[in-house]
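Accompanying notes for the structure given below.
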Amino acid sequence: MCGFVGMFNNSANIEENRKIIKDMADKIIHRGPDQDDYFVDDKVSLGFRRLSIIDLEGGSQPIYNEDKTKVIVFNGEIYNYRELREELIAKGHTFSCDADTEVILHGYEEYGKDFNKRLRGMFAYMIWDMKEKVLFGARDIFGIKPFFYYSKGDSLMFASEIKSLVANPYFEKEINRERIPEYLCFEFIPTNETLFKNVYKMPPGHCFTAEEGKIEIEPYYIMEYDIDNSKSLEDWENLIAETFDGSIKAHSIADVEVGCFLSSGVDSSYVVKEISKDHKLKTFSVGFTEEKYSELKYAEDFADTIGVDIFTKKISADEYFDAAPSVQYYMDEPLPNPSAVALYFLAQKASEQVKVVLSGEGADELFGGYYYYQDPLAFQAYQKKVPKFARKAAAGIAGVLPNGFHGKRFLTRGAQSVDEYYIRNNYNFNYTERDKLLNPPIPAKKPSEYSKMFFDRCKGEDDITRMQYVDMNTWLVQDILVKADRMSMAHSLELRVPFLDKEMLKVALSIPSKHRVSKDLTKIALRGAARKQVPEKQASMPKRGFPVPLNDWLKQDKYYNLVMEKFTGPVAKEFFNVDYIVELLENHRNGKAHNMKRIWTIYSFILWYENYFVRDGEVAA
């Protein structure tokens with residue numbers, strides 16, 4: 001796991017470009033503390049930071065082809081690189097090392113951009129073709145590995161993290177104010193834009209070509225469901241079990257020790273049990289000093305049952321709040337998911353003993369793990385029996401009732417189609433609330449307009465499937481995988497996600513929704529597969545997320561005052577209606593409203609802004 005940086009040179013001075021590219025790479029030394037190296041010619045500069053996992057002695061980047069007309073920088077792991085390497089050797093390619101990076105370079109030489117479809121793994125890379133004067137790059141189909149680029153006028157630069165771009169003297173730093181409303185609704189920007197103006201995210205499954213100042217972004221892969229109704233539930237359970245066994249073996253390839261994150265849920269338990277069959281394993285888990293929020297007991301009991309070592313940490317409120325500025329710095333953009341701070345400490349704990357961990361991200365999105373995937377089944381009878389005008393009227397009445405009113409959520413959502421009600425704004429601010437919050441208000445689309453493209457892509461599928469498809473293309477990419485990558489790499493730890501494997505995806509995109517979700521159960525087929533390996537207690541464990549005591553902490557004087565200081569400070573006054581956000585905090589403290597997510601969304605934004613615009617790209621001490 002590594003990090004790369006690069007640019008089309010703005011200066012003709014080679015030494016100046018060499019210094020710039022090194023300064024950019026130094027900003028992501030946490031992604032690769034083991035080695036750095038650079039390529040600089042009259043057109044392009046590339047930089048690389050390496051975390052050595054495979055071919056520890058060789059594998060240094062940038063890597064060249066045989067005649068040194070092409071050079072690559074790459075972040076990720078290719079799990080089928082050995083088979084691809086043998087195929088390319090048979091076609092006459094000569095390799096200088098045993099690293100997976102070189103397979104991508106020779107594969108591109110042989111097959112061009114179509115080679116991306118052959119890769120099994122997580123990746124982002126950039127190739128400079130010195131002969132054709134073309135930059136070519138790509139990102140994996142899930143978006144596991146990050147890829148950002150800045151384009152303005154004659155300036156084009158790219159990097160694994162935005163903080164590297166900020167370090168370039170030709171980067172013009174400006175906040176993208178127009179996108180703040182989307183952040184407040186989703187907790188991320190649901191497009192390829194970022195909160196830095198002219199900085200963009202390469203979409204998953206896309207490739208990038210830059211030539212003579214022109215940039216072309218095009219897909220090489222688009223997810224599509226192909227439901228197979230011919231198999232029984234047992235058939236699907238067996239297929240998942242067989243495919244997952246292969247994915248675990250592929251994701252365990254390394255020349256260093258591999259560990260696992262372990263929580264109380266079925267996903268991480270399944271990963272741990274599978275890999276422990278062939279490896280002596282260390283597992284890692286965190287909880288909180290507040291026992292009612294801690295999952296440590298479940299994780300420790302499971303580790304003891306199957307005979308693996310477990311290393312744990314309890315996080316205090318002081319530690320949580322002290323780490324929050326660093327978390328937002330490493331994120332690059334504000335990400336207010338409260339579990340991100342816990343993940344920061346989990347990665348820190350694991351990095352003390354291993355360089356690679358496996359984790360369970362992606363299982364919920366692919367196999368139907370969230371409770372709200374059950375909503376369409378609950379709404380079915382209501383929507384069939386009650387005319388739409390009557391449902392709309394009931395929703396209007398429910399809308400003015402207090403948030404704690406029983407049935408409010410059912411009535412408001414039951415009046416809408418899935419593409420109207422299903423979007424992640426229920427986590428933060430809806431589009432009317434954000435107009436009161438922002439000072440001055442910023443015109444923006446309704447949240448549902450951003451998910452329309454993904455709903456339209458799978459128009460013929462049932463509502464459960466469409467909800468999952470939206471999550472795989474938004475929430476998974478922009479939230480779950482962002483915090484997984486940034487929090488692990490903040491501690492120079494490679495995190496691998498065996499559920500997010502192209503072979504697992506083929507299975508997931510074929511399973512009928514009745515084998516994914518019922519009125520009573522989520523992840524039906526996946527749980528059935530897991531039962532073949534893990535105890536019933538773990539296989540049946542309901543989805544808990546990553547419970548955090550933040551709701552309680554924000555009511556305590558010390559942390560209430562800490563947040564209040566930011567809510568009445570200069571950054572808050574620049575962007576927000578201070579009276580409104582102070583009222584949110586007061587109402588939460590007094591028990592009048594449950595505003596934890598809203599408060600943390602604003603607080604995270606302020607911490608992020610202070611890191612990048614007040615301290616000029618430096619994390620708080």
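Counted over the stretch 1-94 with a bin width of 10 Å, the fraction of Cα pairs per bin, in whole percents, is 16, 42, 31, 11, 1. Note down the relative contact order for the stretch 141-238 as a percent, whole number, built from C-alpha pairs under 8 angstrom at least six residues apart. That works out to 24 percent. Couplings 3J(HN,Hα) for the stretch 15-29, derived from phi with the Karplus relation 6.51 cos²θ - 1.76 cosθ + 1.60 (θ = phi - 60°), are 5, 4, 5, 5, 5, 4, 5, 5, 4, 5, 5, 4, 5, 10, 4 Hz, where x marks Gly and Pro.
Placing a pseudo-label 7 Å from each Cα along the Cα-to-Cβ vector at SER151 and SER96 gives an inter-label distance of 3.0 nm. From the residues LEU493, LEU358, ALA378, which one has its Cα farthest along the dipole of the chain in the positive direction, the dipole being from +1 and -1 charges on Cβ of Lys/Arg and Asp/Glu about the Cα centre? With unit charges placed on the Cβ atoms, the residue in question is ALA378. Treating r as the C-beta distance of VAL582 and LYS459 and R0 as 45 Å, the FRET efficiency rounds to 0.55. Where the centre of each part is set by its Cα atoms, how far does the stretch 84-110 sit from the stretch 445-472, in angstrom? A separation of 39 Å, based on Cα centres. Quick check for you: which residues of the stretch 143-174 have the amide N under 15 Å from the point 7 Å beyond the Cα of ARG18 toward its beta carbon? It comes to no residues whatsoever. Rounded to the nearest whole Hz, the Karplus-based 3J(HN,Hα) values (6.51 cos²θ - 1.76 cosθ + 1.60, θ = phi - 60°) of the stretch 83-92 follow the sequence 5, 5, 4, 4, 4, 6, 4, 4, 8, x, with x at glycine and proline. Amide H contacts for VAL199 (H built 1.01 Å from N in the peptide plane; partners 5 or more residues away or on another chain; cut-off under 5 Å): THR194. Approximating the spin labels as points 7 Å out from Cα along Cα→Cβ, the HIS594-to-GLU110 distance works out to 5.5 nm.
Of the peptides 336-347, 526-537, 571-582, the order by per-residue mean of other Cβ atoms within 10 Å, starting with the highest, comes out as 336-347, 526-537, 571-582.
Hey, what does the equivalent ellipsoid look like for the stretch 208-301, semi-axes from the Cα gyration tensor as sqrt of 5 times each eigenvalue, largest first, whole Å? List each step's numbers first, then the result.
Details: eigenvalues 229, 116, 61 Å².
Equivalent ellipsoid semi-axes, largest first: 34, 24, 17 Å.
Out of the DSSP beta bridges found with both residues in the chain, what percent are antiparallel (nearest 5)? Write out the running numbers ahead of the final one.
Values: 55 of 71 bridges.
If we restrict to bridges inside the chain, about 75 percent are antiparallel.
Scoring 243-249, 611-617, 495-501 by mean Cβ neighbours within 10 Å over their residues and listing the highest first yields 495-501, 243-249, 611-617.
Each peptide in 551-563, 223-235 receives the mean, over its residues, of other Cβ atoms within 10 Å, and ordering these scores from highest gives 551-563, 223-235.
What accessible area per residue, rounded to a whole number of Å², is obtained for the stretch 8-130 using a probe radius of 1.4 Å? The partial results should precede the final answer.
Numbers: 4660 Å² over 123 residues.
On a per-residue basis, the stretch 8-130 sits at 38 Å².
If I model a spin label as a point 7 Å beyond the Cα along the Cα-Cβ vector, how far apart are those points for LYS445 and ILE222 in nm? Using points 7 Å along Cα→Cβ, the separation is 1.6 nm. Rounded to the nearest whole Hz, the Karplus-based 3J(HN,Hα) values (6.51 cos²θ - 1.76 cosθ + 1.60, θ = phi - 60°) of the stretch 589-603 follow the sequence 4, 7, x, 7, 7, 9, 10, 3, 5, 5, 5, 5, 5, 6, 4, with x at glycine and proline. Between GLU574 and ASP322, full extension at 0.36 nm per residue minus the direct alpha carbon distance yields a gain of 88.3 nm.
Computed over the chain, the range of Cα coordinates on each principal axis works out to 72, 58, 47 Å, biggest value leading. Taking the protein heavy atoms of the chain in the context of the full set of protein chains, the accessible area attributed to carbon and sulfur is 48 percent at 1.4 Å.
The sum of -39500 (n - 2.57) across all DSSP H runs of n ≥ 4, divided by the residue count of the chain, sets its helix-only mean residue ellipticity at 222 nm to -12000 deg cm²/dmol. Starting from the Cα of ARG118, step 7 Å toward the Cβ, then list every residue of the stretch 58-99 with an amide N under 15 Å from that point. Answer for the stretch 58-99: 78-95.
Work out the FRET efficiency for LYS214 and LYS249 from their Cβ-Cβ distance, taking R0 = 35 Å, and round it to the nearest 0.05. The value I calculate is 0.25. Based on the reciprocal of the average 1/r between different C-alpha atoms, the Kirkwood radius for the stretch 276-414 equals 19.1 Å.
Think of a 1.4 Å ball rolled over the protein heavy atoms: the stretch 348-449 then has 49 Å² of accessible area per residue.
The values are calculated or read from the model by the stated rules, or taken from the named source; none is laboratory data. The structure displayed is predicted, hence computed values, not measured ones. FYI the Cβ positions are ideal-geometry reconstructions off the backbone, even for glycines, and counts take in every protein chain you see. Note: accessible area is taken over every heavy atom of the protein model, side chains too, but ligands, DNA and RNA are not part of it. Shrake-Rupley method; radii C 1.70, N 1.55, O 1.52, S 1.80 Å.
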